[in-house]
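Please read the structure below before turning to the comments.
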Amino acid sequence: MMVLMIVPFALQAQTQYHDVEANDAKGAVKSITTSMMGQTQKVTFTQEGKQENLKNAVYDENGFLKSAENEAQGMTFKVNYVWENGKVKKQTTNIMDQEMPVNFTYNDKGELVKQSMNMMGQDMTIEYSDYKYDDKGNWISRKTSVMGQTMDTPRTIEYFE
């Protein structure tokens with residue numbers, strides 16, 4: 001009986017915050033490691049679903065990330081999130097007082113198919129296709145197309161279970 005009480009609590013705790021979903025995944029995710037163009041990035045999460053490297057994170061009453069600060073290449077930047085139906089619809093990054101909005105488009109299966117952005121006055125689109133999934137329903141490989149270049153984007157997901 002004690003074991004049955006612990007398992008549902010652990011699953012419930014994972015959904016307290018939705019940073020995992022902000023990283024295009026679901027469930028009791030411990031870490032996501034993505035490789036693209038020779039660069040490897042690892043994002044880790046708490047059991048409650050919070051991304052560990054975010055600073056000054058602000059959440060709404062349902063645990064959805066509204067804004068946070070992050071660091072990359074020695075710079076700190078603020079990211080604001082707009083959610084729709086449990087998915088990130090828009091993400092605006094403020095770097096050195098420049099706002100860079102990114103719009104996310106999903107297909108009817110909930111897969112991210114396109115990111116549209118304007119970088120310093122130039123419109124740019126990244127398209128995603130050919131998803132492969134693990135046994136938990138999270139993608140572990142997809143094709144990414146940027147400016148006519150298509151590449152495979154693999155990722156490894158570790159779970160708390």
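Figures for the structure shown
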| item | result |
| --- | --- |
| Long-range neighbours under 9 Å by Cβ, at least six apart or interchain, first residue closer than 19 Å to Gln98 by Cβ and without any contact (Cβ under 8 Å) to a residue 60 or more places away in the chain within the range 57-83, second in a loop (DSSP other than H, G, I, E, B) and open to solvent by 60 Å² or more (accessible area, probe 1.4 Å) | Asn70/Asn53; Glu71/Asn53; Met75/Met96; Phe77/Met96 |
| Candidates Gln41, Gln115 - the one that is open to solvent by 50 Å² or more (accessible area, probe 1.4 Å), within 21 Å of Asp152 (Cβ to Cβ) and not in a loop (DSSP other than H, G, I, E, B) | Gln41 |
| Subset of the range 9-24 that is open to solvent by 30 Å² or more (accessible area, probe 1.4 Å) and assigned to a loop (DSSP other than H, G, I, E, B) - its residue that is modelled with the lowest pLDDT | Thr15 |
| Candidates Gly86, Gly63, Gly27, Gly49 - the one that is among the small types (Gly, Ala, Ser) and surrounded by fewer than 15 Cβ atoms within 10 Å (Cβ to Cβ) | Gly86 |
| Unmet requirement for Thr144, which otherwise passes all of (1) without any contact (Cβ under 8 Å) to a residue 60 or more places away in the chain; (2) part of a strand (DSSP E or B) | (1) |
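The values are calculated or read from the model by the stated rules, or taken from the named source; none is laboratory data. It should be emphasised that the depicted structure is a prediction, and the values quoted were computed from it without experimental measurement. Cβ sites come from the backbone with ideal geometry, for glycine too, and all protein chains shown count toward neighbours. Side chains are part of the model used for accessible areas, which takes the heavy atoms of the whole protein and leaves out ligands, DNA and RNA. Shrake-Rupley method; radii C 1.70, N 1.55, O 1.52, S 1.80 Å.
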